[in-house]
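Below you'll find the structure, written out as structure tokens, and then a few comments.
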Amino acid sequence: MLKPTPISDPDIGSVDAFKKALVAAKSITYATQGASAAPFEALMAKLGIESQVKPKYNLRNTAAQVGEAVASGAVEIGVAPVSEILPVKGVDLVGPFPKDVQSYVELTAAVGTGAKEKDAGNKLIAFLVAPGNASVIKAKGMER
């Protein structure tokens, strides 16, 4: 979840606080394209606040547009993957969703059987998952 830099952080440390923060928000945005829209919509329904927050939606196509909308002040709260929030200037990461309602987008990698550069592809995958790169992955807002 992100918010404009000068705004104080809403409390999202528990599921109840998270729900209250979303219900209290004047406006909310998230990206309609990508892997996080459907899980967020399902979560709002599961938490029983869909009817309260849906009228506040001011949706964007991409996570980059979510960040821009929040940074400009057009929208109060934005929801996007942490890795999409961190590079946006003018916004602050409030934090991830509470653990009890957190979901993850899992990224996978593979090299096709017909790939011309199988060895290079396998080396790239090995590099990406190497333990020595864990700090970079974490700094970019992702988890192993």
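Just so you know, all these numbers are worked out from the coordinates, no wet-lab data involved. Since this is a predicted model, take the numbers as computed values, not measurements. Glycine gets a Cβ as well: all are built from the backbone with ideal geometry, and neighbour counts include every protein chain shown.
Among the trypsin sites (Lys or Arg not before Pro) found in the range 1-102, those both in a DSSP coil and sparsely packed, with 14 or fewer other Cβ atoms within 10 Å of their Cβ, are 26, 89. Remark: the range 115-121, residue by residue, has Karplus-estimated 3J(HN,Hα) of 5, 6, 10, 4, 4, 5, x Hz, where x stands for each Gly or Pro and the curve is 6.51 cos²θ - 1.76 cosθ + 1.60 at θ = phi - 60°.
The Rg/Rh ratio of the range 96-144, with both radii computed over alpha carbons and Rh defined as the Kirkwood radius, is 1.11. Amide H to amide H, with H built 1.01 Å from N, residue 91 comes under 5 Å of 5, counting only residues 5 or more places away or on other chains. Based on alpha carbons, the Rg and Dmax found for the range 63-118 are 16.4, 48 Å.
Provide the net charge surrounding residue 15, with neighbours chosen by a C-beta distance below 14 Å and charges set as Lys +1, Arg +1, Asp -1, Glu -1.
Charge balance in the 14 Å sphere: +1.
Give 19/56; 19/138; 118/138 a once-over and call out the pairs whose C-alpha atoms are over 25 Å from each other. Among 19/56; 19/138; 118/138, the Cα-Cα distance tops 25 Å for 19/138; 118/138.
Ordering 10-17, 29-36, 63-70 by mean Cβ neighbour count within 10 Å, with the highest value first, yields 63-70, 29-36, 10-17. Each listed q (0.09 Å⁻¹) maps to a log10 I(q)/I(0) for the chain, found by the Debye formula over equal Cα scatterers with no solvent: -0.33.
Applying the Karplus relation 6.51 cos²θ - 1.76 cosθ + 1.60 with θ = phi - 60° to the range 55-65 yields 3J(HN,Hα) values of x, 8, 5, 9, 6, 10, 6, 10, 5, 4, 5 Hz, where x marks Gly and Pro.
Loop-resident GluC sites (Glu not before Pro) (DSSP state other than H, G, I, E or B) in the range 78-144 with no more than 12 further Cβ atoms inside 10 Å of their Cβ: 106, 117, 143.
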